[in-house]
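To start, the structure itself, in structure tokens.
The values are calculated or read from the model by the stated rules, or taken from the named source; none is laboratory data. Owing to the predicted nature of the structure, the values given are computational and were not obtained by experimental measurement. Using ideal geometry, Cβ is built from the backbone for each residue, glycine included, and neighbour counts are taken over all protein chains shown. Just the protein is used for accessible areas: all its heavy atoms, side chains included, with ligands, DNA and RNA removed. Shrake-Rupley method; radii C 1.70, N 1.55, O 1.52, S 1.80 Å.
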Amino acid sequence: MRPATTPAVGDTRARELADALERLRQRIAAACQVAGRSPEELTLVAVTKTYPAEDVQRLATLGVSDIGENRLVELEAKHAAAPDLRWHYLGRMQSRQTGGIARHADVVHSVDRLKVAHRLGRAAVAAGRRIDVLVQLSFDGDPDRAGVVAAGLPALADAVADAPGLRLAGVMGVPPLGADPAPAYRELASLAARIRRVHPGATWLSAGMSGDLEAAVVAGATHLRVGTALLGRRAPLVG
Ligand SMILES: *Cc1c(COP(=O)(O)O)cnc(C)c1O
């Protein structure tokens, strides 16, 4: 994280974000204490989806260096406004979007099928970039949600590791709605450990959101993806 500076006088949103960030950092520190871990092992990815580029700028001023988006149009617009931050793509991936994602994301958390891995790799090469990739687990195989089932995870990890333009960074997972996050994150961590035996560089575990980050920290998360707890409740998406 960069050194924090004081928000401009009169910017109440900046003050609000500063307070939320402080509370979040205290929450992460407390979770680390319980887990016997150091907050330095964790990267906070601020998920700014639906919030304006000005909020990204405010967070950057407060020392947040990693920003997450789940829609390509928003990623493109906000990345253009703040190209020096580290941009994370976390959304469902259509293979026709891989070119845009490869040009604007530094990290992709949501690769969940071979076709997308291959196309993202080719797009990264074409863009002259090397992208950090996490393969996304589906805990329950729900076809309406992103992720590959556990049995398909190793082959997908191999494909990412073999793709020029991509670096296999680790594993990501979002527990099913209403599920107990603690066993889900333990399962995710154990699958990630198996991948790591074959690919020692795949050390990242992207797990933990506003509602469940404590369970993720205990399980060994390295990347927390936090939206609501930092930016506030999102307006429901239309369409
Ligand atoms: C929106 C989103 C988050 C952040 O969720 P919050 O509950 O708002 O913290 C994390 N991960 C993914 C994949 C998301 O789409």
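Solvent-accessible area of SER38, all protein chains in place: 40 Å² (probe radius 1.4 Å, heavy atoms, ligands and nucleic acids excluded). Normalising the Debye intensity of segment 166-239 to I(0), with uniform scatterers on Cα atoms only, and taking log10 at q = 0.18, 0.21, 0.23, 0.26 Å⁻¹ returns -0.72, -0.88, -0.99, -1.13. The distance linking segment 35-69 with segment 179-239 is 15 Å (Cα centroid to Cα centroid, whole angstrom).
Dipole orientation for the chain: of the candidates VAL125, GLY232, VAL135, VAL125 has the Cα lying most toward the positive pole (charges on Cβ; Lys, Arg +1; Asp, Glu -1). Rg and Dmax over the alpha-carbon atoms of the chain stand at 17.2, 54 Å. In the chain, Cα pairs under 8 Å separated by at least six residues give a relative contact order of 18 percent. Over the C-alpha trace of segment 54-162, radius of gyration and Dmax come out as 14.2, 42 angstrom. One quarter of the convex hull surface built on the alpha carbon atoms of segment 116-232 amounts to 7.8 nm², the projected area averaged over directions. Dividing the convex hull volume of the alpha carbon atoms of segment 97-161 by its residue count gives 74 Å³ per residue. Taking the chain as a Gaussian network of alpha-carbon nodes connected by springs under 10 Å, the highest mean-square fluctuation of the residues ASP180, ASP144, ASP19 belongs to ASP144.
Give me the Debye-computed log₁₀ of I(q)/I(0) at q = 0.16, 0.19, 0.21 Å⁻¹ for segment 13-77, equal point scatterers on Cα only, no solvent, two decimals. Cα-only, vacuum Debye calculation for segment 13-77: -0.59, -0.78, -0.89.
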